[in-house]
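Input: a single structure, listed below in structure tokens.
The values are calculated or read from the model by the stated rules, or taken from the named source; none is laboratory data. In this text the structure is predicted, and so the values were computed from the model without any measurement. All Cβ positions, glycine included, derive from the backbone under ideal geometry; neighbour counts span all protein chains shown.
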Amino acid sequence: MDGITARVDAVWRIESARIVAALAKVTGDVGFAEDLAQDALVQALRQWPRDGVPDNPGAWLTAVAKRRAIDQWRRGERLDDRYRAVAMTLEETSEDVWQPIDDDVLRLVFTACHPVLSREGQVALTLRIVAGLSTEEIARMYFVPVATVQQRIVRAKKTIAAAHVPFETPEPSEWKARLDGVLSVIYLVFTEGYAATSGTEWMRADLANEALRLGRMVAGLLPREPEVHGLVALMELQAARFAARTHSDGTPIPLTEQDRTRWNRAQITHGRAALARVDSLGRGRGPYALQAAIAECHAIAPSAEETDWARIVLLYEALGRLAPNPVVELNRAAAVAMATGPATALQLVDRLAAQGDLRGSHLLPSVRGELLLRLGRTDEAASELRRAAALAGNERERDFLLEKVARLEVE
């Protein structure tokens with residue numbers, strides 16, 4: 001990837017949500033807005049190598065997309081009264097009218113999570129247009145084929161268009177109906193920022209911080225919804241480790257090897273307060289709050305050895321009952337290895353492997369390789385870690401796994 005192409009890619013990842021949100025706000029059509037933004041991106045790839053990157057690339061992309069919208073309407077002879085009004089809005093600057101959700105990106109999330117869409121459609125569409133994730137990245141997150149994600153996005157756009165879903169703030173009475181989808185999207189955006197499924201960087205702190213910002217805003221809108229605070233608690237506690245998760249060159253540092261003095265204690269305090277807020281509402285802990293409780297166990301432990309692994313195993317068991325998921329079971333197995341030893345954990349991992357739910361994911365062979373290594377089965381461990389590296393989509397993680405294999409072969 002040359003310098004200009006890399007710059008375009010970086011601008012898109014940072015600015016795409018706001019660009020699409022701005023376009024959706026004036027066109028009233030989320031799918032059309034995303035198409036316009038993509039057209040502007042193509043134009044940037046053509047023009048910036050020749051003319052240079054503009055001083056404000058986000059504004060440049062937005063302006064190009066707006067002109068593209070007007071041109072399309074005029075060419076299609078569809079400039080009726082409605083489009084004249086929209087075109088005037090595009091060509092002029094006006095003051096925004098205050099709305100209950102006064103953040104364009106969060107409004108875009110609530111719009112894309114409209115109940116007219118299936119949950120899969122809500123999440124796929126929102127991850128595409130809000131997080132700027134590729135269909136390949138989304139497919140990796142869900143362990144499904146790329147074609148499946150593409151179909152979900154296309155179907156979601158068509159459904160929104162057919163249902164004439166406007167880009168506008170839903171009434172407060174509608175927020176709860178969309179809340180599960182909104183929280184799912186924010187959580188997945190944070191997860192991608194926390195451990196990127198592809199690319200050259202293991203973490204994308206900008207993406208994770210944007211998810212945290214959105215989560216905090218939702219907590220302000222719905223202060224009596226426990227799972228909102230649970231998600232904020234989870235993100236705060238995990239984000240607190242960011243400074244310690246990589247070396248200066250970007251190489252990953254496993255949790256057990258991190259310098260805990262570099263963890264952000266203020267952020268840990270905020271996360272624990274959000275989790276306490278969940279409990280104060282008296283309606284029990286949901287999946288996000290249970291994950292936050294696991295993160296809290298790590299946050300308060302002086303070291304990996306002094307972590308309350310038995311409690312973490314219990315929390316994973318509760319999470320598995322509330323929200324069954326093969327990744328949860330894999331994480332439980334890793335906790336079991338720390339609590340009672342690798343032999344029992346290996347049995348759990350082998351059972352997961354037999355079920356085939358994580359086929360194609362690097363996560364299972366990565367964990368299995370670590371367990372085999374702890375059991376002294378070095379050759380088998382190296383084979384599993386090699387397989388994990390072959391399946392890993394993120395370059396940093398792939399290199400990390402291959403370096404571990406190389407050390408085993410030297411030993």
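When the range 302-318 is examined, which residues are found to be outside any helix (DSSP H, G or I) and closer than 14 Å to M338 by Cα? Give the derivation first.
Taking the range 302-318 first, the residues outside any helix (DSSP H, G or I) are 302-308.
Listed by number, the residues that qualify are S303, A304, E305, E306, T307, D308.
Please work out if I294 is touching a strand residue (DSSP E or B) at 6+ places or on another chain (Cβ under 9 Å) and either among the hydrophobic types (A, V, I, L, M, F, W, C) or assigned by TED's automatic domain parsing to the domain that holds F400 (or both). So I294 fails the test.
One residue stands out in the range 217-227 among those that are at pLDDT below 95 and assigned to a helix (DSSP H, G or I): the one that is surrounded by the most Cβ atoms within 10 Å (Cβ to Cβ), namely V218.
Within the range 375-411, the set of residues being out of contact with any Ser or Thr (no Cβ under 8 Å at 6 or more places or on another chain) and over 24 Å from H247 (Cα atoms) comprises L375, G376, R377, T378, D379, E380, A381, S383, R387. The single condition from (1) in contact with a Leu (Cβ under 7 Å, 6 or more places away or on another chain); (2) buried (at least 18 other Cβ atoms within 10 Å of the Cβ) that A343 fails is (2).
Among the residues of the range 36-52, are any closer than 21 Å to D103 by Cβ, modelled with pLDDT of 75 or more, of a type outside the set (A, V, I, L, M, F, W, C) and part of a helix (DSSP H, G or I)? The answer is no, given that none of the residues of the range 36-52 is closer than 21 Å to D103 by Cβ, modelled with pLDDT of 75 or more, of a type outside the set (A, V, I, L, M, F, W, C) and part of a helix (DSSP H, G or I). In this structure, is L319 under 30 Å from P223 (Cβ atoms) and surrounded by 15 or more Cβ atoms within 10 Å (Cβ to Cβ)? Here the answer is yes, as L319 does meet what is asked. Sub-7 Å Cβ pairs linking a first residue in the range 372-393 that is touching a residue at least 60 places away in the same chain (Cβ under 8 Å) and more than 17 Å from V410 (Cβ to Cβ) to a second residue that is polar (S, T, N, Q) and buried (at least 16 other Cβ atoms within 10 Å of the Cβ), at least 6 apart or interchain, are G393/T197; G393/S198, ordered by first then second residue.
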